[in-house]
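Some notes on the structure that comes next.
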Amino acid sequence: MTGDRHVYKTEIKGQPACIFDVSQGDRDGEYRYTTDSGDECNNGTFTLSQSYNGDLVIRWRRPGRSGKHVLSPDIEKMRSFRQQAGLSKPVTDTADIEGEWAGSMAVGGIIGNLDVTLAATTEGAELELDRLTVHCTAILPPKPDSGAFDAFLIESRGCKDGRISLTLVNGDLEVSLESTGATALLRRLTGPLDPGANPVYPDISFRKIGLGGSLSEIDAVVEEGGHLTSARRLKNALNAGSFMGVANIPYLNATFRSLHYPLSHQRYPKGLDEDNIAAYAVNDRIAAIYRVYTPVPENAPKLETFHNALVQAYGEPSIRSTQGRRTELEWHFASDGTLLSDQVARLQCMAKGSATHSNARQIGMRYRWFEQMFDLSIRKQNAVPSYMLRPVQGCGSSFVFIMSARQDGSLKELTSVGFAHDPVASGIWESRKGRIEAGIRERLKLNAKRETLAPKL
């Protein structure tokens, strides 16, 4: 919400509608609001408890009263303010919004919200609407005509033909369908890397391996008993299909090295902790790190002790969750290295929409078969764990620590993940860009041909 004013309205049965003019929040995610519609809507403060693509669930507080509301964007007022403040800019070329965007569109009824995705290239754009009985795909030319894009449907189930307007709104993309008046606000998930970007990464490392460094620098931090594999190029080995309704998420297309403790000549050494770290480099810089640490019971600290050590080293996490003997801590940072609060992190760094192959990549302990056969320090089970990255372009970096405990409260296993959003997002985009461009180009060419064909009577 930085740099923008947001105007929301409540729709509460039996109460007058309240218009909330929301200013920028503070570090802890608390927002101050003013109202202009009646005694029931006095000024006060609120915190965002959950958000999903435009709708906000807030817990408000004012003298003598408190409660919870679901706020829906007052689109017309927000658009008017943004135009006056110079925060919105009509898209005049799809090349200016290159990448993949996602969000939702409120349509009401049993459908509720449509999942909206848009892939933009220099050749044009492809827009998809999907949910329950609705599934539509439209192709947009690279440039608009009289302020809107003359889109045409290539797949239609529950949609109408019509022009589509695209507007950049303070970093987000507003999609408006002229046929229905429906509007969606999308966030960029993937896209080209900004050559002028200079991200700041926090001082968080896994066995002295951090983001932003080169893979060759890992040699200098290998401790006694560690085994470091040589660098090699990984490609998206898995297909983008699905099995039993579950999408197969390809691995991140990157250069990969892994570090293993201990180095042992036994296939399954007993009485030794296992610590495995994988580093993935995009554009020659480490963009993702994955660690699985499994101490033997006699060497395992209390989970609470490990938890407190993390908080003491890195500060209070952005997001904290506990379920049974499993605890998860998340630190999310802006591109300037600033730690984000829970509410801001969920709003800015959590990818919305379904987890498909388009906006996600796996990382993990990945080996060639002959490494498992001939390198006895690598055990077969090490190749199983993996973690799915879902980057959001414009966010800085994210670090996740997942700890599980034994019945006695000692640490059973620690899984740690750190990744830089923009490099990972750009890597995903580069692996998909060519195919998307070719598809759009072919559809536009075919549509232009159809326009010139005369009917055979």
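The values are calculated or read from the model by the stated rules, or taken from the named source; none is laboratory data. Computed from a predicted structure; not experimentally measured. Glycine also receives a Cβ, built like all others from the backbone with ideal geometry; neighbour counts cover every protein chain displayed. Surface areas here come from the heavy atoms of the whole protein model, side chains and all, with no ligands, DNA or RNA. Shrake-Rupley method; radii C 1.70, N 1.55, O 1.52, S 1.80 Å.
Which ones in the stretch 387-401 are closer than 30 Å to Ala300 by Cα and open to solvent by less than 30 Å² (accessible area, probe 1.4 Å)?
Of all residues in the stretch 387-401, those closer than 30 Å to Ala300 by Cα come to 387-389, 397-401.
Those that are closer than 30 Å to Ala300 by Cα and open to solvent by less than 30 Å² (accessible area, probe 1.4 Å): Leu389, Ser397, Ser398, Phe399, Val400, Phe401.
Looking at the stretch 143-169, which of its residues are crowded, with 16+ Cβ neighbours inside 10 Å and among the polar types (S, T, N, Q)?
Listed by number, the residues that qualify are Ser165, Thr167.
Can you work out which of the residues in the stretch 413-437 that are open to solvent by 10 Å² or more (accessible area, probe 1.4 Å) and of a type in the set (S, T, N, Q) is nearest to the chain's Cα centre (by Cα)? Spell out the reasoning first.
Of the residues in the stretch 413-437, the ones open to solvent by 10 Å² or more (accessible area, probe 1.4 Å) are 413, 415, 419, 422-423, 427, 430-437.
Next, from what is left, pick out any that are of a type in the set (S, T, N, Q): 415, 431.
Numbers: Thr415: 19, Ser431: 17 Å.
Per the criteria, the residue is Ser431.
Of everything in the stretch 291-303, what is part of a helix (DSSP H, G or I) and either at pLDDT 95 or above or in contact with a strand residue (DSSP E or B) (Cβ under 8 Å, 6 or more places away or on another chain) (or both)? Give them in sequence order. Full working, then the answer.
Narrowing the stretch 291-303 to residues part of a helix (DSSP H, G or I): 297-299, 303.
Across the stretch 291-303, the qualifying residues are Pro297, Leu303.
Here's the yes/no breakdown for (1) among the charged types (D, E, K, R); (2) under 30 Å from Asn308 (Cβ atoms); (3) touching a Pro at 6+ places or on another chain (Cβ under 7 Å); (4) outside any helix (DSSP H, G or I):
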site: Leu411; (1), (2), (3), (4): no, yes, yes, yes
site: Val417; (1), (2), (3), (4): no, yes, no, yes
site: Ser426; (1), (2), (3), (4): no, no, yes, no
site: Arg432; (1), (2), (3), (4): yes, no, no, no
site: Arg435; (1), (2), (3), (4): yes, no, no, no
site: Gly439; (1), (2), (3), (4): no, no, no, no
site: Arg443; (1), (2), (3), (4): yes, no, no, no
site: Leu446; (1), (2), (3), (4): no, no, no, no
site: Arg450; (1), (2), (3), (4): yes, no, no, no
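Pull up the stretch 310-345, narrow it to residues that are touching a helix residue (DSSP H, G or I) at 6+ places or on another chain (Cβ under 9 Å) and not hydrophobic (A, V, I, L, M, F, W, C), then point me to the one that is farthest from Phe206 (Cα to Cα).
So, considering only residues that are touching a helix residue (DSSP H, G or I) at 6+ places or on another chain (Cβ under 9 Å) and not hydrophobic (A, V, I, L, M, F, W, C), the one farthest from Phe206 (Cα to Cα) is Arg325.
Please go through the stretch 314-337 and give me each residue that is open to solvent by 40 Å² or more (accessible area, probe 1.4 Å), closer than 27 Å to Gly394 by Cβ and free of Cβ contacts under 8 Å to residues at least 40 places away in the same chain, ordered by number. Steps first, please.
Start the filter on the stretch 314-337 by keeping residues that are open to solvent by 40 Å² or more (accessible area, probe 1.4 Å), which leaves 314, 316, 320-326, 335-336.
Now drop any that are not closer than 27 Å to Gly394 by Cβ, which leaves 314, 316, 320-321, 335-336.
Result: Glu316, Arg320, Ser321.
Could you look through the stretch 171-195, keep only residues that are of a type in the set (S, T, N, Q) and assigned to a strand (DSSP E or B), and pick out the one that is least open to solvent (accessible area, probe 1.4 Å)?
Within the stretch 171-195, the subset of a type in the set (S, T, N, Q) is 176, 179-180, 183, 190.
Filter again for assigned to a strand (DSSP E or B), leaving 176, 183, 190.
Numbers: Ser176: 22, Thr183: 33, Thr190: 0 Å².
Once the filter is applied, the top-ranked residue is Thr190.
Of everything in the stretch 179-207, what is without any contact (Cβ under 8 Å) to a residue 60 or more places away in the chain and not polar (S, T, N, Q)? Give them in sequence order.
Matches in the stretch 179-207: Gly181, Pro195, Gly196, Asp203.
Here's the yes/no breakdown for (1) modelled with pLDDT of 80 or more; (2) touching a strand residue (DSSP E or B) at 6+ places or on another chain (Cβ under 6 Å); (3) within 19 Å of Leu389 (Cα to Cα); (4) part of a loop (DSSP other than H, G, I, E, B):
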site	(1), (2), (3), (4)
Asn198	yes, no, no, yes
Pro202	yes, yes, yes, yes
Gly213	yes, yes, no, yes
Asp219	yes, no, no, no
Gly225	yes, yes, no, yes
Ala240	no, no, yes, yes
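Does any residue of the stretch 106-117 turn out to be closer than 27 Å to Glu451 by Cα, open to solvent by less than 40 Å² (accessible area, probe 1.4 Å) and at pLDDT 85 or above?
Within the stretch 106-117, not a single residue is closer than 27 Å to Glu451 by Cα, open to solvent by less than 40 Å² (accessible area, probe 1.4 Å) and at pLDDT 85 or above.
For Ser410, indicate whether it is of a type in the set (Ser, Thr, Tyr), open to solvent by less than 50 Å² (accessible area, probe 1.4 Å) and within 30 Å of Glu126 (Cα to Cα).
So Ser410 does not fit the description; no.
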